[in-house]
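To keep things clear, I will list the structure first and then write my remarks on it.
The values are calculated or read from the model by the stated rules, or taken from the named source; none is laboratory data. Computed from a predicted structure; not experimentally measured. Don't worry about glycine lacking a Cβ; one is built from the backbone with ideal geometry, like all the others, and counts go over all protein chains shown. Heads up: the accessible areas ignore ligands, DNA and RNA and are worked out on the full protein's heavy atoms, side chains in. Shrake-Rupley method; radii C 1.70, N 1.55, O 1.52, S 1.80 Å.
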Amino acid sequence: MKIDTGATAWMLAATAMVLFMTPGLAFFYGGMTRAKSVLNMMMMSFGSIISVTVLWVLFGHSVAFTDNGSSFVNKFLGGFDAVGLKGTATAIQQGTAPDHNIPLLVYSAFQLTFAIITVALISGAIADRAKFGAWMTFTVVWASLVYFPVAHWVWGTGWLNKLGIEDFAGGTVVHVNAGSAGLALAIVLGRRRGWPKEPMRPHNLPFVLLGVAILWFGWFGFNAGSEIGVDTTTGLAFMNTQIATAVAAGAWLVVEKLRDGHATTLGAASGAVAGLVAITPACGFVDPWASVVLGLVAGAVCAYAIGLKYRLGYDDSLDVVGVHLVGGAVGAVSLGFLAAYPALSSQHKGLFYGGGVHQLGLQVLGPVVIGLYSFAMAWVIAKVIDKTMGFRIDEEAEATGVDLTTHAETAYDLAPAGAGSVRTGHVTSVPGPVTSGGVAAEKKVEA
C-alpha cells in the first residue's frame, strides 16, 4: 500500500500537538495549586510522559491495537504480537480511506500521546498530598490494567467497538476514564489538611491561562487528528472544537456571573476545558450548530458539577471529576441525540437525525461501564499502594509543602535578601514556612 505523505505530515504535526498538551496541562494544573506544591503538580504530568512512553513501547500498543488469538479474550484484551513495537517499523496503518495510509509507527505515536495525557489528567484530583513515588507506581499499574484495555474496547477490536459505540476522539477512553480514576484516588487519599474550611486559591492564574491556551491549541490535533487523514471530517472536527470550546467558556462565565456576581479568569479557563472535553467524542459526528448546543450544556453543567465535591465531601483538588468525568459523559451521551456525520448508517445516528434508541443506549452504556471499571480498578490499585508503600505524604510534609519535602526545590525564591539557602556538605538550609510570629523557620532538607 502506498503512503499518503500529506496525511502522514498532518499526523506527525497532530501528534506533536497532542504531546504538547501534557506540558500545557502541567501549567494549567500547576497554576491552580498552592505555591508550595506547584513543582510537584507539574512533575506528575512529566512523570506520566516518562512511564507511559516506556509502557507503550513494551506492551501498551500491542494490548490496545492488536488482536488476541481467542475470539472471546479479544473482546476485552488485545494481543502481544507487537510487544516492543515488534514489526511496526515498516508496517502501514490504513486511514479512513484507502488513500489515507500512514506508517503504523506514526499512528502508534499519535495514540501514545492520548495514553500519556489520560494518565496525567488523573493527577489533578490529588494535588498537594501525594507521594511522587507512589504516583509513578500508580501510573504504571493503572495504564496497564485500565487504559490499554479500555482503548482496545472502544478503538481496537474490543466488545464496545463491536457493539457500535461512537467515540471520535476520547470522551469515554480519555475523560470518563480519567475522571473516574481521579474520584477513586481523591477518596482513598482523603481531604487536604484544612479543606474545605481553609481557602486554597490558585497561586498563579497567568499559569492557568497559559496552560489552557496550550491545551486549546493542542486539542485541534487531538480532535482533528483523530480522523487519521485529511478530508472534510477533519475540517468538521477542527471547527466543532473551536465552536464548542468558545461557547462553553462563555456559558461558564454566565453561570459565574449569575451565581457569584463575578466572571473570572479561572472560570473562563475551566469553561474552555469543559467545552474541549465535551466536544471530544462528538467533534467528527455532529453539525456545527450542534456543537453550539453541546458547548452551552457542557459549560453550564460542569460549572455546577464542580460544586458536588462540597456536597458529597470528596476533595477533588482541581475538579477532574466535575470537568472531565461529567463533561466526557455529557459529550458521549450527546451522540445518542446529535450524531449525524460522517455518513453514519441510520442505526448509528442520533435521535434528532432519525436514529433509534439503540445508539442512545450504547452512548449511555459506554460511560457507565468504563466509569465503573476505572473507578473500581483505581480504588483497588490506590488501596494496595497505600497499604504497602503509602500513597499520601505525612502531615508535616503537607504543611511545609510537597515541593520542598519531596523534590528539595521551591518554585519561587521568596526569602528576604541575604536569607538564601546555604549549602553545607549534603545538607541545605532553606527558609521554612512562616510561623505565627512572622519569622521564617529554617528547615533542613537532605540534598
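Odds and ends about this structure:
- Based on protein heavy atoms only, the chain ends up with 40 Å² per residue of surface accessible to a 1.4 Å probe.
- Amide H contacts under 5 Å for Ile92, placed H, 5+ residues apart: Leu104
- A straight chain from Val140 to Lys387 at 0.36 nm per residue would run longer than the Cα-Cα distance by 87.2 nm.
- Placing +1 on the Cβ of every Lys and Arg and -1 on the Cβ of every Asp and Glu, with nothing else charged, gives the chain a dipole about its Cα centre of roughly 680 debye.
- For segment 142-180, the residues whose backbone nitrogen is under 18 Å from a point 7 Å from the Cα of Ser71, taken along Cα to Cβ, are 157-164.
- Long-range Cα-Cα pairs in segment 1-121 (distance over 19 Å), rounded percent: 56 percent
- For Arg392, the residues 5 or more places off, or on other chains, whose built amide H falls under 5 Å of its own are Lys131.
- Highest-MSF residue in the chain out of Ala91, Ala300, Ala109 [GNM, Cα springs under 10 Å]: Ala91
- Hydrophobic, long helices, defined as DSSP H runs whose alpha-carbon span along the helix axis is 27 Å or greater and whose mean Kyte-Doolittle value is at least 1.6, occur in the chain at 104-122, 205-224.
- Segment 286-312-segment 1-35 distance, computed between alpha-carbon centres (Å): 24 Å
- Debye intensity ratio in log₁₀ form over the Cα atoms of segment 136-210, taken at each q of 0.16 Å⁻¹: -0.79
- When the charge dipole of the chain is built from unit charges on Cβ atoms (+1 for Lys and Arg, -1 for Asp and Glu) and taken about the Cα centre, the candidate among Ser123, Leu12, Gly95 whose Cα reaches farthest toward its positive end is Ser123.
- Options Val297, Ala169, Leu312, ranked by Cα towards positive dipole end of the chain, top entry (Cβ charges): Leu312
- Note on segment 1-124: with charges restricted to the Cβ of Lys and Arg (+1) and Asp and Glu (-1), its dipole about the Cα centre is near 420 debye.
- Phi-based couplings in Hz for segment 191-199 (Karplus 6.51, -1.76, 1.60; Gly and Pro marked x): 6, 5, 4, x, 7, x, 6, 7, x
- Size-normalised alpha-carbon gyration radius of the chain, reference 2.2 N^0.38 Å: 0.99
- For segment 181-231, size of Cβ-based charge dipole, Lys and Arg +1, Asp and Glu -1, in debye: 600 debye
- The convex hull around the C-alpha trace of segment 18-57, projected and averaged over every direction, spans 2.7 square nanometres.
- Helix-only mean residue ellipticity at 222 nm for the chain, each DSSP H run of n ≥ 4 adding -39500 (n - 2.57), per residue, nearest 500: -18500 deg cm²/dmol
- Highest-fluctuation residue, Tyr147, Tyr341, Tyr310 considered, GNM on the chain with Cα pairs under 10 Å: Tyr310
- Karplus (6.51, -1.76, 1.60) ³J(HN,Hα), θ = phi - 60°, over segment 158-172, in Hz, Gly and Pro reported as x: x, 5, 5, 4, 5, 5, x, 5, 10, 8, 4, 9, x, x, 8
- Atom-type composition of the exposed protein surface of the chain places 67 percent of the accessible area on carbon and sulfur (1.4 angstrom probe).
- Candidates Thr172, Thr157, Thr245: whichever shows maximal mean-square fluctuation once the chain is modelled as a Gaussian network with Cα springs under 10 Å: Thr157
- Candidate lysines - alpha carbon under 20 Å from Lys162, same-chain residues fewer than 8 apart omitted: Lys75, Lys349
- Considering only Cα atoms, the convex hull volume of segment 168-287 works out to 118 Å³ per residue.
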